[in-house]
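Asks: Would you mind keeping the following structure in view while I ask a few things?
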Amino acid sequence: DALQGLGQPTEARSEYHLALEKNPDDVRAHLGIAATYLAADNRPQARINLDALIESYPDEFDVWMASGDLNRMLGESDAAERNYTRALEVAGDNVGERASALYGLAEMALSSADEEAAGQFVAELTALTPNSIQAILSQARLAVLREDWGTAQTQLQDILRRAPDFAPAQILLGAVMYETGSFAQSEMHLTSALVNQPGNVAARLMLASNYLAQGNPDDAADALESNGASWGDDPRVIALSARIALSTGDTDRAIRELERSVAADPSDSASQLQLALALIGAGRQDEVSEVLDRLAEADGERTALQREILGVLVQLRGGNTTLALANSRQITENWPEEAAGYNLVGAIELANGEQEAARASFLAALERDSGNLIAERFLAQLAESTGELDEAAERYERIVAADDTATWAMYGRARIAATAAEFDLAAEWLERILPREPGAVVPRETLARVHVQNGDIDSALEVAADLVALNRGRPESYLLLGDIAARNEDFEAAIDAFEAARRLDPANAQITLRLAEARRLSGDTDAALATLGGDEDIDTLL
């Protein structure tokens, strides 16, 4: 066992064989040998060994649990559930064994998002061992399934108070913090987990997603390419690598990564679709047909629908709008209950300037799928553009209620509030964006201006100062800070800000004029004239 813990499976296997020479029925030694094959990534041999053990020792709890764990690792959900159920039967009245089997069953139900079954198993486990880490972790996972982030956070923090280095709780808490937009705390927990488990794929994927959500694709790439991990052809890593490449505009690399993903798992229609979309985005329509042909070979009506939609996108990319619209309408006839077809028709109609027709198409999509956020988004933007602000506000709020990461909808709602001179409300919506997009410039600029319109100059100055701190090489941030300071009649601060802006962009006439005006208002007319230069320079500026 010690050699196994030190990562020396071959040496450990020799010791287990020696144990079996002393006692051929030592189940622990048999299980140890199976574990050494698993540690060496020889899963088929581990499966063979465990199958033999099940036949020889059908009433051994540990054998059924080990088989269930391996099947869960291999993605054999039904087999894993049967194994854990048998383990529960074998456990009898043994509290510890029953708890382990219930934990396995709860994990399977949670992984398949079967909330009813998960709730039942978690309740039984909690009643059996209410203070065990297994029970509390299962409760936290059930809370995550229900998107009850507050409960999940409380339970996971309870675990980490008792076991600060317990990686499953650290990783899950990192995921919860990510979902609530607390990216710094998410990063802290995930980084802590990776100190002891640098090869943990789930933690590293979440950390990379965290960086990507904050607009730091380089850090995201570094997280995936860490020397502490060996990823091989893990399709999750490849897919995230493609997202990172797309976020940096490296479409060619994204296509290469998606091609790797398709090669690793040709049956993954999601990767095929992503690849087709990336090829369309890169203008490589001639290569899309091959992907569409592969999708045509896949089973399922959903894949056929997606293939037809991709065909329309290829036509749009090629500029054939008339054919694309006709084919998208054909999709709604072939799949009359699918919202996606109506959304596609609406988008093309909107691009053609047919606003009323587009509105009808998006409403038809919502009739088929009342929670369709794509249709809601188009309808909200249509309502806003036509001055129907109450409807637009209602739709933006509905979108945020369904997806609390939809910062664009929060911004739309803030924009409507500002248009209606509801500046306090606009500020509230903009402030909801900042924790989710800590590096975003536009929401901060808008928030500063909203505070100015609301007469809250102190808050406006604070936001503008934060904007400067985000990027000290951005002259526009200093310009905004100077404008607000000048409005506050703090001309010294305004001059400092405008001077900083001019150092970054000395040829910008607007900055020069503002600096001169701030110096004039401060009472230093000579300095103002010197800022503008001679008569010839003034004429040029004007």
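The values are calculated or read from the model by the stated rules, or taken from the named source; none is laboratory data. All values derive from a computational prediction rather than experimental measurement. Positions of Cβ are generated from backbone atoms using ideal geometry, with glycine treated the same way; all protein chains shown enter the neighbour counts. SASA here: full protein model, heavy atoms, side chains in, ligands and nucleic acids out. Shrake-Rupley method; radii C 1.70, N 1.55, O 1.52, S 1.80 Å.
Asks: Could you check the range 20-45 and list, in sequence order, the residues that are closer than 26 Å to Gly75 by Cα and assigned to a loop (DSSP other than H, G, I, E, B)? If you could, list the steps in order and put the result at the bottom.
Replies: Of the range 20-45, the ones closer than 26 Å to Gly75 by Cα are 27-45.
Hits for the range 20-45 are Ala40, Asp41, Asn42.
Asks: Select from the range 337-352 the residues that are in contact (Cβ under 8 Å) with a residue 24 or more places away in the chain, within 19 Å of Val314 (Cβ to Cβ), of a type in the set (A, V, I, L, M, F, W, C) and open to solvent by less than 60 Å² (accessible area, probe 1.4 Å) and list them in ascending order.
Replies: Selection gives Ala340, Leu344, Ala347, Ile348.
Asks: A further question on this structure: Would a scan of the range 305-313 turn up a residue that is in a loop (DSSP other than H, G, I, E, B) and either at pLDDT 70 or above or in contact with a helix residue (DSSP H, G or I) (Cβ under 7 Å, 6 or more places away or on another chain) (or both)? Step through it out loud before you land on a result.
Replies: So in the range 305-313, the residues in a loop (DSSP other than H, G, I, E, B) come out as none.
Scanning the range 305-313, I find no residue that is in a loop (DSSP other than H, G, I, E, B) and either at pLDDT 70 or above or in contact with a helix residue (DSSP H, G or I) (Cβ under 7 Å, 6 or more places away or on another chain) (or both), so the answer is no.
Matching residues to (1) in contact with an Asp or Glu (Cβ under 9 Å, 6 or more places away or on another chain); (2) loosely packed, with under 14 Cβ neighbours inside 10 Å:
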site: Thr332; (1), (2): yes, no
site: Trp335; (1), (2): yes, no
site: Glu354; (1), (2): no, no
site: Glu367; (1), (2): no, yes
site: Asn372; (1), (2): no, no
site: Ala380; (1), (2): yes, no
site: Asp390; (1), (2): no, yes
site: Val400; (1), (2): no, no
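Asks: Here is a list: Ala140, Ala184. Which entry is aliphatic (A, V, I, L, M), open to solvent by 50 Å² or more (accessible area, probe 1.4 Å), closer than 30 Å to Gly215 by Cβ and assigned to a helix (DSSP H, G or I)? Let's see the steps before the verdict.
Replies: Working: Ala140 fails: open to solvent by 50 Å² or more (accessible area, probe 1.4 Å).
After ruling out the rest, the residue left standing is Ala184.
Asks: Which ones in the range 175-208 are polar (S, T, N, Q), touching a residue at least 24 places away in the same chain (Cβ under 8 Å) and under 21 Å from Ala143 (Cα atoms)?
Replies: Selection gives Thr180, Ser182, Ser186.
Asks: Sort out which residues of the range 25-65 are over 36 Å from the mean Cα position of the chain (by Cα), open to solvent by 60 Å² or more (accessible area, probe 1.4 Å) and among the aliphatic types (A, V, I, L, M), and write them in order of number.
Replies: Of everything in the range 25-65, just one residue is over 36 Å from the mean Cα position of the chain (by Cα), open to solvent by 60 Å² or more (accessible area, probe 1.4 Å) and among the aliphatic types (A, V, I, L, M), namely Ile48.
Asks: Can you go through Ala518, Ala530, Ala465, Ala507 and tell me which one is open to solvent by 70 Å² or more (accessible area, probe 1.4 Å), out of contact with any Lys or Arg (no Cβ under 9 Å at 6 or more places or on another chain) and aliphatic (A, V, I, L, M)?
Replies: Values: Ala518 fails: open to solvent by 70 Å² or more (accessible area, probe 1.4 Å); Ala530 fails: out of contact with any Lys or Arg (no Cβ under 9 Å at 6 or more places or on another chain); Ala465 fails: open to solvent by 70 Å² or more (accessible area, probe 1.4 Å).
Being open to solvent by 70 Å² or more (accessible area, probe 1.4 Å), out of contact with any Lys or Arg (no Cβ under 9 Å at 6 or more places or on another chain) and aliphatic (A, V, I, L, M) holds for just one of Ala518, Ala530, Ala465, Ala507, which is Ala507.
Asks: How many of the residues making up the range 64-112 are among the basic types (Lys, Arg) and either touching a residue at least 24 places away in the same chain (Cβ under 8 Å) or not in a helix (DSSP H, G or I) (or both)?
Replies: At the first step, the residues of the range 64-112 found to be among the basic types (Lys, Arg) are 72, 82, 86, 98.
Filter once more, keeping what is either touching a residue at least 24 places away in the same chain (Cβ under 8 Å) or not in a helix (DSSP H, G or I) (or both): 72, 98.
Going through the range 64-112 one residue at a time, the tally reaches 2.
Asks: Can you tell me which residue in the range 113-128 is most open to solvent (accessible area, probe 1.4 Å), limited to those that are part of a helix (DSSP H, G or I), farther than 19 Å from Asp62 by Cβ and of a type in the set (A, V, I, L, M)?
Replies: Kept after step one, since they are part of a helix (DSSP H, G or I), are these residues of the range 113-128: 115-128.
Then drop every residue that is not farther than 19 Å from Asp62 by Cβ, which leaves 115-124, 126-127.
Remaining after also requiring of a type in the set (A, V, I, L, M): 117-118, 122-123, 127.
Working: Ala117: 24, Ala118: 0, Val122: 8, Ala123: 58, Ala127: 84 Å².
That would be Ala127.
Asks: If you don't mind, there's one more thing I want to ask. If a residue counts only when it is out of contact with any strand residue (DSSP E or B) (no Cβ under 6 Å at 6 or more places or on another chain) and either under 30 Å from Glu422 (Cβ atoms) or among the β-branched types (Val, Ile, Thr) (or both), which helices (runs of 4 or more DSSP H) contained entirely in the range 450-542 have at least 3 such residues?
Replies: Values: elements: 457-470, 475-487, 491-504, 509-521, 525-532, 535-541.
Fully inside the range 450-542 and qualifying: 457-470, 475-487, 491-504, 509-521.
Asks: Looking at the range 1-19, which of the residues that are surrounded by 15 or more Cβ atoms within 10 Å (Cβ to Cβ) and either hydrophobic (A, V, I, L, M, F, W, C) or outside any helix (DSSP H, G or I) (or both) is farthest from the chain's Cα centre (by Cα)? Steps first, answer last, please.
Replies: Of all residues in the range 1-19, those surrounded by 15 or more Cβ atoms within 10 Å (Cβ to Cβ) come to 3-4, 8-9, 12-13, 15-16, 19.
From what is left, the residues that are either hydrophobic (A, V, I, L, M, F, W, C) or outside any helix (DSSP H, G or I) (or both) are 3, 8, 12, 19.
Working: Leu3: 39, Gln8: 37, Ala12: 40, Ala19: 48 Å.
Ranking the candidates gives Ala19 first.
Asks: What number of residues within the range 216-245 are over 17 Å from Val262 (Cα atoms), open to solvent by 90 Å² or more (accessible area, probe 1.4 Å) and at pLDDT 70 or above?
Replies: So the count comes out to 3.
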